[in-house]
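Take a look at the structure set out below.
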Amino acid sequence: MHGSKRYALLYDDGDTEEGIAEALVQPAPELVVKVGDSVNARFGGGLHYFAATVARITPRGMDLNYADGDFESNVQVHKLVDG
């Protein structure tokens, strides 16, 4: 693998890994959501996921209503997993 690109990775749980060969890295599939979809999101960008419903989608992100009554706006799709 001489000359191949290497990556430093930051995982959702906060772990990191460096020097990973390009051949071993695959991009995460893009999650497509619409208003009313159930998702799990990292509230405040934290490490833990919480159940939420997509309330609105804007150019800056999406607004989420969490199952526990919390609300968050402008959440980016990379902070979500399919609910």
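The values are calculated or read from the model by the stated rules, or taken from the named source; none is laboratory data. Computed from a prediction, not measured in an experiment: that's the story for all the values here. Here the Cβ positions follow ideal geometry from the backbone for every residue, glycine too, while neighbour counts run over all protein chains shown.
Quick rundown of the values:
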| item | result |
| --- | --- |
| Those residues of region 42-77 which are free of Cβ contacts under 8 Å to residues at least 40 places away in the same chain, under 20 Å from residue 13 (Cβ atoms) and among the hydrophobic types (A, V, I, L, M, F, W, C), in sequence order | 43, 47, 50, 51, 52, 75 |
| Of residues in region 43-79 being at pLDDT below 90 and in contact with a helix residue (DSSP H, G or I) (Cβ under 7 Å, 6 or more places away or on another chain), the one farthest from residue 6 (Cα to Cα) | 45 |
| Entirely in the chain, the strands (runs of 3 or more DSSP E) that have 2 or more residues that are in contact with a strand residue (DSSP E or B) (Cβ under 7 Å, 6 or more places away or on another chain) and of a type in the set (A, V, I, L, M) | 6-10, 16-21, 38-42, 49-58, 61-66, 80-82 |
| Those residues of region 35-72 which are of a type in the set (S, T, N, Q) and in contact with a Phe, Trp or Tyr (Cβ under 7 Å, 6 or more places away or on another chain), in sequence order | 40, 65 |
| Positions within region 16-41 being free of Cβ contacts under 8 Å to residues at least 12 places away in the same chain and touching an Asp or Glu at 6+ places or on another chain (Cβ under 9 Å), in sequence order | none |
